[in-house]
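I have placed the structure first, in the form of structure tokens, so that the comments after it can refer back to it.
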Amino acid sequence: MIIMKKLFFIAVISMFGLSQAYSQTAAPVAPVAPSVTITAPAAPVVNPNAPKANWDKTVNDFGEIEQGTPKEAQFTLTNEGKEPLLIQTAKAGCGCTNLKYSQEPVLPGKSTIVAATYNAAAMGQFTKSVTVTTNADPNPVMLMIKGTVIAKK
């Protein structure tokens, strides 16, 4: 009887072991991403006739100017393209600088002036900016005026 119990016990253990061996599941498979095609962005189409802005300078140094004496800097913008150039925006960096410019189209080969007048009210060194955007380039051009305001003589 003891032998039979031992045989029964061995049979149960064997069946348990076999059932565990056959019940193993396969290792999970990582999901595969769908195939994606990436294309480079198309190069922008360049208009060979587009306006082309050319500035005579982008910085005007007044040097020393007397306090309370407004000074004007003139920046010449020439259209070297084949279509009309437009000044879309022109903004002074602060209220101490006044701007004058034409809003008329600048024809090919022609020029216009952007004038920046600094009021020279505060003593000391200054650097002021004027930001101009045209239809020739989406990136604005930064014009600078600088100098030193001294006491009146």
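The values are calculated or read from the model by the stated rules, or taken from the named source; none is laboratory data. Everything numeric here is computed off the predicted structure, so don't read it as measured data. No Cβ is skipped: glycine too gets one built from the backbone with ideal geometry, and neighbour counts run over all protein chains shown.
Points to keep in mind about this one:
- Residue in the range 72-90 that is modelled with pLDDT under 95 and surrounded by 13 or more Cβ atoms within 10 Å (Cβ to Cβ) present: no
- Subset tally (residues that are surrounded by fewer than 13 Cβ atoms within 10 Å (Cβ to Cβ) and polar (S, T, N, Q)) for the range 40-66: 3
- Scope the range 93-111; condition crowded, with 16+ Cβ neighbours inside 10 Å and of a type in the set (Ser, Thr, Tyr); matching residues: Thr97, Tyr101
- Residues that are of a type outside the set (S, T, N, Q) and in contact with a strand residue (DSSP E or B) (Cβ under 7 Å, 6 or more places away or on another chain), drawn from the range 69-88: Pro70, Lys71, Glu72, Ala73, Phe75, Leu77, Glu80, Pro84, Leu85, Leu86, Ile87
- Residues being surrounded by 14 or more Cβ atoms within 10 Å (Cβ to Cβ), of a type outside the set (A, V, I, L, M) and not in a loop (DSSP other than H, G, I, E, B) - total across the range 112-124: 3
- Total residues in the range 42-79, condition farther than 21 Å from Val130 by Cβ, assigned to a loop (DSSP other than H, G, I, E, B) and acidic (Asp, Glu): 0
- Only listed residue being under 30 Å from Lys152 (Cβ atoms), free of Cβ contacts under 8 Å to residues at least 24 places away in the same chain, out of contact with any helix residue (DSSP H, G or I) (no Cβ under 9 Å at 6 or more places or on another chain) and exposed (fewer than 15 other Cβ atoms within 10 Å of the Cβ), chosen from Thr69, Thr37, Thr127: Thr127
- Among residues of the range 97-111 that are of a type in the set (Phe, Trp, Tyr), those with a Cβ under 6 angstrom from a residue that is in a strand (DSSP E or B) and at pLDDT 95 or above, sequence gap 6+ or separate chain, pair up as Tyr101/Ile87; Tyr101/Ala90; Tyr101/Val114.
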